[in-house]
1. List pairs: first in the stretch 36-58 and touching a residue at least 40 places away in the same chain (Cβ under 8 Å) and within 18 Å of ASP26 (Cβ to Cβ), second open to solvent by less than 60 Å² (accessible area, probe 1.4 Å) and in a helix (DSSP H, G or I), Cβ under 6 Å, 6+ apart or cross-chain?
2. Might you check whether a residue that is modelled with pLDDT of 90 or more and in contact with a Gly (Cβ under 8 Å, 6 or more places away or on another chain) occurs anywhere in the stretch 18-39?
3. Taking TYR36, is it more than 21 Å from ALA99 (Cα to Cα), open to solvent by 40 Å² or more (accessible area, probe 1.4 Å) and part of a helix (DSSP H, G or I)?
4. Can you find, within the stretch 1-33, the residue that is farthest from SER82 (Cα to Cα) among those that are assigned to a helix (DSSP H, G or I) and among the β-branched types (Val, Ile, Thr)?
5. Taking the condition modelled with pLDDT of 80 or more and in contact with a Leu (Cβ under 9 Å, 6 or more places away or on another chain), does VAL1 pass?
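The values are calculated or read from the model by the stated rules, or taken from the named source; none is laboratory data. Computed from a predicted model, the values in this text were never measured in an experiment. Here Cβ is always computed from backbone atoms with ideal geometry, including for glycine, and neighbour counts include all displayed protein chains. What goes into the accessible areas is simple: the full protein's heavy atoms, side chains included, and nothing from ligands, DNA or RNA. Shrake-Rupley method; radii C 1.70, N 1.55, O 1.52, S 1.80 Å.
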Amino acid sequence: VQAAIEMVRDETAAKAVPFMVLIYPDPVAISRENPYWQIYQATSAALSKTTGVPVLSGYDAFLNDPRTAPNMAFSLTDTHPSCEAHEIFGDWAFGQWQALGSRSQPARR
């Protein structure tokens with residue numbers, strides 16, 4: 001994973017394209033008690049530190065959002081998180097992108 005991030009980082013930097021990595025959480029148990037939460041947090045921090053690329057755990061998108069609990073139900077048709085769960089994640093991801101500042105804004109043509 002680290003090598004892949006570094007390769008993509010180098011290619012995007014060469015083309016002046018911003019890059020960040022988001023890790024989608026295990027949607028079955030969005031809580032700090034889920035063992036994956038600690039794994040994701042540690043992995044995100046370690047990858048960010050070693051690659052210099054913002055690597056973010058998606059648990060952060062859901063743990064502090066009051067919309068999470070009622071919207072983590074799975075679709076009956078495809079056992080996939082609800083559209084609302086994706087909206088919560090998308091809103092958070094966009095906010096993270098904006099928070100990275102001008103360094104991470106898409107290059108203008």
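1. VAL55/SER44; VAL55/LEU47; VAL55/SER48; LEU56/SER44; LEU56/GLN96
2. Yes.
3. yes
4. So the residue we want is THR12.
5. Criteria met by VAL1.
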